[in-house]
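A quick write-up on the structure given underneath.
No value in this document is a laboratory result; all are computed from the given coordinates. This one's a predicted model, so the numbers in the text were calculated from it and none came from an experiment. Virtual Cβ from ideal backbone geometry, glycine too; neighbours counted across all protein chains shown.
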């Protein structure tokens, strides 16, 4: 009941704010028709009291105050909206750039934001306004300059969080570039935050406009509500009864306008959440189909890791002198305890190392091309095309507010020039290959079981017929039966499509049943590699023997319980 009551109250307040702003906007737009007189003409004697002809009386010159009040709405709302729009645009661009690019860009932009936020708003506004001189342009520039920083800081924190989400990493693994990720995922996520901030910024901008106009920094040729207050103060309206009809109406108008924006902005902010919305239209990717030739350097194996060394920071070890190959149609299991470096090797093969890690030596050849030497654009071309990733957590890797079919369509159209129908036909084909029906294309991730979601990310990895597939703990979080089903599916697909399949796992008893070879890692070193039979029955390294002995197996248990 409390939640329902809060929601209803929020809706009522939003309605009140909308009605207030609607009336003010109507007055501003229809001012030439609503105002009984021209606000710049003398139409009666100075300081005339309110009457039937002049409902709010006149100023010290004889201008009709009601006409000035109605026309003043145009200036106040125009400055407030335009200044807020400029400030919101700057804050959004800075926040996104700092949060997504990070590094030196983030540091520089955030120091500028810190300086702006550390300065008092009103004194800073006055100082800049005095140097710039009076006028509408000055007001808009000054107000925008002091209001963008707060929004930039808030959006930066949201973008930093979104950037590390698993489904964003999955998009990058499929070859999506930064502009594509920003346009399709980051911007829709933060847009619900930008709207209420814009509305609330208009409120603040109108207050600042009134303050600047009161201090004589407004447009002297067209009176706003702040200018009316300034003129009333300068022309001694407070010494007569004229302040009642000269000062109170513009003051009340400013207060009501701020109230309307505050009610609407707060109501929108309460209902806004940083979620990704489903795009209603799909633009064709301009990326041409990538045809990457296999060089003479690597005429056979689609994946070659040659003497690879990866370090974290200055002294942290990630992987040292790791070497192995994965041939077409071969399944290699990369096993080891947590922290052994197997995930580092997997991330390196697809070019998704974290910023703290760097390759100090070695090569990673994918279809004959060294990933370590490619540019960012070239790496994006092969991701999801020549090499694909099956992420660990399918639920996190899938966009929660888009259907399965739309996400598969996106994976296909990232690297193919094709229409919606062709992409959807390929999506249906992929879903069928992984054992899901075509009707699942319209399902959302939360409507599928864990095993079904895992099949979806497998289908996504196969979307563009890659040469190499990296599966990072593909059965993590699944029960034993679903785990066996997913691994059996991967085994069948790698045989059917002649994939070079590298599976990262800590489950030795399961992987040894389907793997052709098993590579064992410990503390960043590849301590042993051999056939599955040799690793499970005759391990050579002491750590491998300990790993085999520690793995639970069903055969000894059956012998113990046998009658």
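Structural remarks
- Whether region 424-506 is rounded, prolate or oblate, judged on the alpha carbon gyration tensor where a/c under 1.5 counts as rounded: oblate
- Among 435-442, 333-340, sorting by the average number of other beta carbon atoms lying within 10 angstrom of each residue, highest first, gives 333-340, 435-442.
- Legend: calculated FRET efficiency, residue 154 to residue 360, from the Cβ-Cβ distance at R0 = 51 Å, rounded to 0.05, equals 0.85.
- Spacing of the two label points (7 Å from each Cα toward its C-beta) at residue 495 and residue 540, in nm: 2.9 nm
- Gyration tensor (alpha-carbon) shape descriptor, region 332-424, a/c threshold 1.5: oblate
- Highest to lowest packing among 363-376, 383-396, 88-101, scored as the average C-beta count within 10 Å: 383-396, 88-101, 363-376
- Global form of region 36-193, assessed from the alpha-carbon gyration tensor, a/c cut-off 1.5: prolate
- When each of 414, 201 is scored by the number of other beta-carbon atoms lying within 10 Å, the sequence from fewest to most is 414, 201.
- Placing R0 at 30 angstrom, the Cβ-Cβ distance between residue 513 and residue 465 gives a FRET efficiency of 0.70 after rounding to 0.05.
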